[in-house]
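Asker: Quick one: the structure is below, and I'll ask about it shortly.
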Amino acid sequence: MATLNWRTINVDALDPDSPANFDLSSLTPAVAPASTADVQSLAGQIRQLLRGGDSEGALQGALESAPYGADERGKEIHLATVIEILQSIRQSDMSPILSRIYSSPGGTEALDVLMKYIYKGMSQTQTSSTTRNLTPQATGFSQVHARGGGEGGGQAMSVLLSWHEKLVEIAGPGSIVRVMTDRRTV
Amino acid sequence: MAAPEVHHLFHHAIADHSFSADRQTLAVTRDNVIDLYQRSGKTFQLKDELTGHDKTVTGVDIAPNSGKIVTCSQDRNAYVWEPSPQGWKPTLVLLRINRAATCVRWAPSETKFAVGSGARLIPVCYFEEEDNWWVSKHVKKPIRSTITTVAWHPNSVLLAAGSTDGHARVFSSFIKGVDARPEPSAWGERLPFNTVCGEFLNNTAGWIHSVAFSPSGNALAFAAHDSSLTVVYPSAPEQPPRAVISISTQLLPFMSLVWSSEDEIIAAGYNCEAYRFQGSDGGWQLAGSLEAKSRPGLSDQREESALNMFRNMDLKGKTSDDTKLKTVHQNTINTIRSFQESGGKVTKISSSGVDGRVVVWNV
């Protein structure tokens with residue numbers, strides 16, 4: 001008789017009614033696919049704006065064109081772009097920029113997207129060489145293996161935390177709830 | 001606008017409440033019992049207690065005509081309580097579910113009721129005369145996750161359900177021998193049991209807290225955890241809907257909603273206050289809060305006398321009491337229901353919440 005460790009059998013896989021056998025794609029809203037090349041060229045355009053000194057326009061542009069349909073690589077490129085913009089804005093300019101975006105058409109959604117990037121940024125403030133071994137969860141949040149990520153991460157984290165504070169002041173605690181709910185991950 | 005009528009019943013969360021048709025009896029859930037309150041003058045007096053469930057009661061509904069009460073609980077059971085000379089007599093319902101029951105609602109015909117459950121199915125229960133027993137038939141496909149809310153169409157055949165898989169669905173719950181054949185509507189013409197008449201997802205696919213049909217039954221509204229409210233207008237059977245309007249708000253999510261007329265919805269939830277939405281198939285918008293901004297009762301801005309100030313500093317270590325919310329409800333509102341209707345419009349609604357209050361509002 002074959003020796004079989006019954007405890008290791010994935011019983012869910014054998015049960016046709018089990019949630020493990022669901023096609024999870026039907027649970028997510030339809031998103032337009034975006035290729036990594038598109039994201040890269042977009043990042044180039046946004047950096048152009050940033051270099052031109054229009055950090056507000058760059059931020060708004062980056063938030064409105066969040067590549068939900070891109071693969072992990074594409075999403076990482078866009079995250080890096082957004083973080084770069086956030087780090088280039090002075091602390092005293094944060095609130096005015098946020099309130100201007102908030103009152104512009106579609107601005108409330110843009111701020112919800114910003115909140116997503118802040119949380120995603122916080123989950124990977126290690127140097128990019130170590131982000132490789134993070135395992136992204138189905139929810140879009142990465143498992144936090146080590147917080148802060150040493151000296152380089154500490155500074156990025158403090159920038160993100162001050163953005164988070166200013167953002168909650170303007171968009172309210174509902175924006176945090178919406179990040180957790182949204183199945184369109186960045 | 002008259003001030004809302006506030007009844008602070010106890011210090012427990014109220015998962016669900018229901019008034020009898022004459023609005024003299026109020027049933028509220030309290031842990032694993034259901035308290036029955038009787039109106040006496042301006043207040044409600046505890047009159048009876050329905051005990052039988054051994055876990056938290058999640059839903060209660062009083063049938064307006066027959067007066068029967070249906071309750072469901074996390075113990076996976078539902079009971080139908082009937083008045084008798086010896087008090088309320090419970091009858092166990094065979095739900096056949098292996099997870100908690102989450103919500104329950106009588107169909108307008110009062111011959112059946114639907115129970116939402118964590119077992120990814122909806123038992124639709126009806127009374128079988130021969131066996132003298134409430135039995136259930138399961139609406140199963142294509143539910144992927146816990147059912148958090150159910151709502152009936154006025155024709156008692158169509159059933160809307162919201163789920164944590166982010167979908168609001170419309171099913172047929174036609175049971176031969178119990179239901180009359182329904183009039184064809186925009187939702188469907190032939191409606192055998194478990195027909196899926198519509199399946200809707202909002203932009204973010206957030207999980208659903210509440211669903212409701214409009215008074216005519218020709219529109220469906222649902223509220224999701226992304227603080228949005230979505231209204232769906234179906235066009236014809238098997239066709240994509242005529243309009244799907246999603247209003248995303250900057251508030252906290254809504255837990256419950258009720259149509260006050262064809263063009264107005266009241267929704268309330270984690271913001272502890274009720275909001276009014278107005279619109280039609282052309283578009284919807286948030287039209288403000290039901291809460292009057294300067295209420296005489298609660299705005300307690302008492303003259304800050306020196307005595308008061310020093311007393312507060314002595315008792316509480318601070319001069320003003322900042323532990324109170326400015327809203328009537330002091331915590332999340334779980335359920336809102338229509339309380340009074342006239343001329344096809346809801347004129348009063350009742351709300352209950354985590355703070356143990358039941359409030360009757362003028363709309």
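The values are calculated or read from the model by the stated rules, or taken from the named source; none is laboratory data. Given the structure is predicted, the values throughout are model-derived calculations rather than measurements. Cβ atoms come from the backbone with ideal geometry, glycine included; neighbour counts cover every protein chain shown.
To keep it simple, each residue is scored yes or no on (1) touching a residue at least 12 places away in the same chain (Cβ under 8 Å); (2) of a type outside the set (D, E, K, R); (3) touching a Cys at 6+ places or on another chain (Cβ under 7 Å).
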{"position": "A:17", "(1), (2), (3)": "no, no, no"}
{"position": "A:56", "(1), (2), (3)": "yes, no, no"}
{"position": "A:60", "(1), (2), (3)": "yes, yes, no"}
{"position": "A:68", "(1), (2), (3)": "yes, yes, no"}
{"position": "A:72", "(1), (2), (3)": "yes, no, no"}
{"position": "A:111", "(1), (2), (3)": "yes, yes, no"}
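Asker: Then there is this: Restrict the check to region B:22-30 and report whether at least one residue is under 30 Å from residue B:144 (Cα atoms), without any contact (Cβ under 8 Å) to a residue 60 or more places away in the chain and of a type outside the set (Lys, Arg).
Answerer: Yes, region B:22-30 contains at least one residue that is under 30 Å from residue B:144 (Cα atoms), without any contact (Cβ under 8 Å) to a residue 60 or more places away in the chain and of a type outside the set (Lys, Arg).
Asker: Within region B:212-222, restricting attention to residues that are free of Cβ contacts under 8 Å to residues at least 60 places away in the same chain and within 21 Å of residue B:104 (Cα to Cα), which residue is nearest to the other protein chains (Cβ to nearest Cβ)?
Answerer: Within region B:212-222, the first condition is being free of Cβ contacts under 8 Å to residues at least 60 places away in the same chain, and the residues that meet it are B:214, B:218, B:221.
From the residues that got through so far, the ones that are within 21 Å of residue B:104 (Cα to Cα) too are B:214, B:221.
Details: B:214: 24, B:221: 18 Å.
Here the residue is B:221.
Asker: Do the conditions hold for residue B:122, that is, is it within 14 Å of chain A (Cβ to nearest Cβ) and buried (at least 17 other Cβ atoms within 10 Å of the Cβ)?
Answerer: no
Asker: Also, quick follow-up: In this structure, does residue A:110 turn out to be out of contact with any Pro (no Cβ under 7 Å at 6 or more places or on another chain) and within 18 Å of residue B:204 (Cα to Cα)?
Answerer: Considered against the rule, which asks whether it is out of contact with any Pro (no Cβ under 7 Å at 6 or more places or on another chain) and within 18 Å of residue B:204 (Cα to Cα), residue A:110 comes out as yes.
Asker: Only residues that are under 16 Å from residue B:23 (Cα atoms) and among the β-branched types (Val, Ile, Thr): list them for region B:41-81, please.
Answerer: Within region B:41-81, B:43, B:60, B:62, B:69 meet the criteria.
Asker: If I filter region B:64-80 down to residues being surrounded by fewer than 21 Cβ atoms within 10 Å (Cβ to Cβ) and of a type in the set (Gly, Ala, Ser), which single residue comes out as farthest from the chain's Cα centre (by Cα)?
Answerer: Checked region B:64-80; the qualifying residue farthest from the chain's Cα centre (by Cα) is B:66.
Asker: May I pose another question? Which one is nearest to residue B:118 (Cα to Cα) among residues in region B:139-174 that are more than 14 Å from chain A (Cβ to nearest Cβ) and in a loop (DSSP other than H, G, I, E, B)?
Answerer: Step by step, filter region B:139-174, then rank; the result is B:173.
Asker: Got a number for residues in region A:97-111 being assigned to a helix (DSSP H, G or I) and loosely packed, with under 12 Cβ neighbours inside 10 Å?
Answerer: Within region A:97-111, residues that are assigned to a helix (DSSP H, G or I) and loosely packed, with under 12 Cβ neighbours inside 10 Å number 1.
Asker: Could you look through region B:202-211, keep only residues that are modelled with pLDDT of 90 or more and buried (at least 22 other Cβ atoms within 10 Å of the Cβ), and pick out the one that is farthest from the other protein chains (Cβ to nearest Cβ)?
Answerer: Filtering region B:202-211 for residues that are modelled with pLDDT of 90 or more and buried (at least 22 other Cβ atoms within 10 Å of the Cβ), the one farthest from the other protein chains (Cβ to nearest Cβ) comes out as B:211.
Asker: Follow-up question, since we're still on this one. State which residue pairs qualify: first residue among the charged types (D, E, K, R) and inside region A:23-44, second residue assigned to a loop (DSSP other than H, G, I, E, B) in any location, beta carbons under 8 Å apart, and separation of 6 or more residues or different chains.
Answerer: Listed by first residue and then by second, the contacts come to A:38/A:67; A:38/A:70.
Asker: Is it the case, given these coordinates, that residue A:113 is at pLDDT below 90, within 14 Å of another protein chain (Cβ to nearest Cβ) and under 17 Å from residue A:84 (Cα atoms)?
Answerer: No: the conditions fail for residue A:113.
Asker: Separate question: Go through the residues of region A:29-36 one by one and say whether even a single one is within 14 Å of chain B (Cβ to nearest Cβ), farther than 15 Å from residue A:75 by Cα and either under 20 Å from the mean Cα position of the chain (by Cα) or at pLDDT below 90 (or both).
Answerer: Checked region A:29-36: at least one residue is within 14 Å of chain B (Cβ to nearest Cβ), farther than 15 Å from residue A:75 by Cα and either under 20 Å from the mean Cα position of the chain (by Cα) or at pLDDT below 90 (or both).
Asker: Here is a check on your reading of the model: is residue B:116 buried (at least 23 other Cβ atoms within 10 Å of the Cβ), within 14 Å of chain A (Cβ to nearest Cβ) and at pLDDT 95 or above?
Answerer: Here the answer is no, as residue B:116 does not meet what is asked.
Asker: Which pairs turn up if I take residues in region B:174-188 that are farther than 14 Å from residue B:152 by Cα and look for partners that are crowded, with 17+ Cβ neighbours inside 10 Å and of a type in the set (A, V, I, L, M) with beta carbon separation below 8 Å, at least 6 apart in sequence or on another chain?
Answerer: B:175/B:124; B:185/B:158; B:188/B:158
Asker: Determine if region A:81-98 includes at least one residue that is acidic (Asp, Glu) and within 11 Å of the chain's Cα centre (by Cα).
Answerer: no
Asker: Can you find even one residue in region A:51-74 that is within 14 Å of chain B (Cβ to nearest Cβ) and in a helix (DSSP H, G or I)?
Answerer: The answer is no; no qualifying residue exists.
Asker: Is at least one residue of region B:32-55 small (Gly, Ala, Ser), over 18 Å from the mean Cα position of the chain (by Cα), within 14 Å of another protein chain (Cβ to nearest Cβ) and crowded, with 17+ Cβ neighbours inside 10 Å?
Answerer: no
Asker: Oh, and also: Kindly indicate the residue of region B:226-277 that is within 14 Å of chain A (Cβ to nearest Cβ) and among the hydroxyl-bearing types (Ser, Thr, Tyr) and also nearest to residue B:345 (Cα to Cα) among those meeting that condition.
Answerer: B:275
Asker: List the number of the failed condition for residue B:130; all other conditions in (1) more than 20 Å from the chain's Cα centre (by Cα); (2) buried (at least 21 other Cβ atoms within 10 Å of the Cβ) hold.
Answerer: (2) is the only condition that residue B:130 fails.
Asker: Go through A:12, A:17 for me and flag whichever is within 14 Å of chain B (Cβ to nearest Cβ), part of a helix (DSSP H, G or I) and more than 18 Å from residue A:185 (Cα to Cα).
Answerer: When all the criteria are applied, what remains is A:12.
Asker: I would also like to ask the following. Quick check on residue B:186: is it among the hydrophobic types (A, V, I, L, M, F, W, C), modelled with pLDDT of 95 or more and either over 15 Å from residue B:124 (Cβ atoms) or under 23 Å from the mean Cα position of the chain (by Cα) (or both)?
Answerer: no
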